[in-house]
C-alpha cells in the first residue's frame, strides 16, 4: 500500500541552529523566526493561514524564496514569502530616493565686533555669500565688549551694511535682535534671487585659499564663542 507523505512531514533542514539575531534591517528571516506559530502570506498577497515556522520556511523554499517576518508584534506574527535579496534592493533604492528629496540646511556662524573695519567686513561678506549660494543659512553674532555697550547703534549700522551687501541673494529670517551683550541676525538664501544670480555668476570650484580662509573663519568663530 502506497502512503502519501505531506511536504510538511519532510525533515526540517538545519533545524533552529541559526543564531537568533535580527538582521541589519531589523527583520527575522527563515529559521531566525522564533515564534511558535505564524500567519503566512504568499508572494501574491494571498493569506495561506496559520502554521509553524518550519512549515512556512518549506513553503518558501519550494518557491525558491524566503520567509520574512514583517509584523513581529501581531498575534500570531505575520510573515511573508518573498525574495529577500530583491526586498533589500528595493528598500535601498527607496531610501536613496528619499535622501535625494531631503534638503539639509546648515547654519554657518560669523562673528563680528562693532568696530569691524571695511576690509574685514568685505571678507566676512565674501564667506557669507559663499555659504548662502551653497544653500546654507548664515547667523551673525555681533558682540559688544566693555564700553562698546554704550554704542549699540554702531553694531546696528554694521549689520545694516552687512544686509545691504547680501540683499541680492538673501532674505532676512530673523531681524537684528539684542540678547545679552550681543546682536544676532539670521539670513537665509532666497531661492529666486540665488537662481537669478547663478545664471549670471556660475559657481566656481573653491580654491585652496578659499577653503583655508573659511577654515580660519570657523576657527575664529569657535574662539569667540569660547570667550
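Read the figures in this text as sums done on the coordinates, not as results from a lab. Because the structure is predicted, anything quoted here is derived from the model rather than measured. Note that each Cβ is placed from the backbone with ideal geometry, even for glycine, and that neighbours are counted across all protein chains shown.
General observations
- The slack in the chain from residue 94 to residue 50, taken as 0.36 nm per residue of separation less the alpha-carbon distance, amounts to 12.8 nm.
- Spin-label pair residue 201/residue 122, simplified geometry with 7 Å Cα→Cβ offset, distance in nm: 1.4
- Burial order of peptide ranges 107-113, 96-102 (average beta-carbon count within 10 Å, highest first): 107-113, 96-102
- Cut-off 19 Å (backbone N to label point 7 Å along Cα→Cβ of residue 172), residues of the stretch 110-138: 110-114, 125, 128-129, 132, 137-138
- Likely footprinting exposure, 89, 84, fewest C-beta neighbours within 10 Å first: 89, 84
- Cβ-Cβ FRET estimate between residue 193 and residue 70, R0 fixed at 45 Å, reported to 0.05: 0.40
- Taking 0.36 nm per residue of sequence separation and removing the Cα-Cα distance, the residue 83/residue 150 pair yields an extension gain of 16.9 nm.
- For the stretch 108-183 versus the stretch 27-47, the inter-centroid distance based on Cα atoms is 60 Å.
- Using a cutoff of 8 angstrom between alpha carbon atoms and counting only pairs six or more residues apart, the relative contact order for the stretch 23-90 works out to 33 percent.
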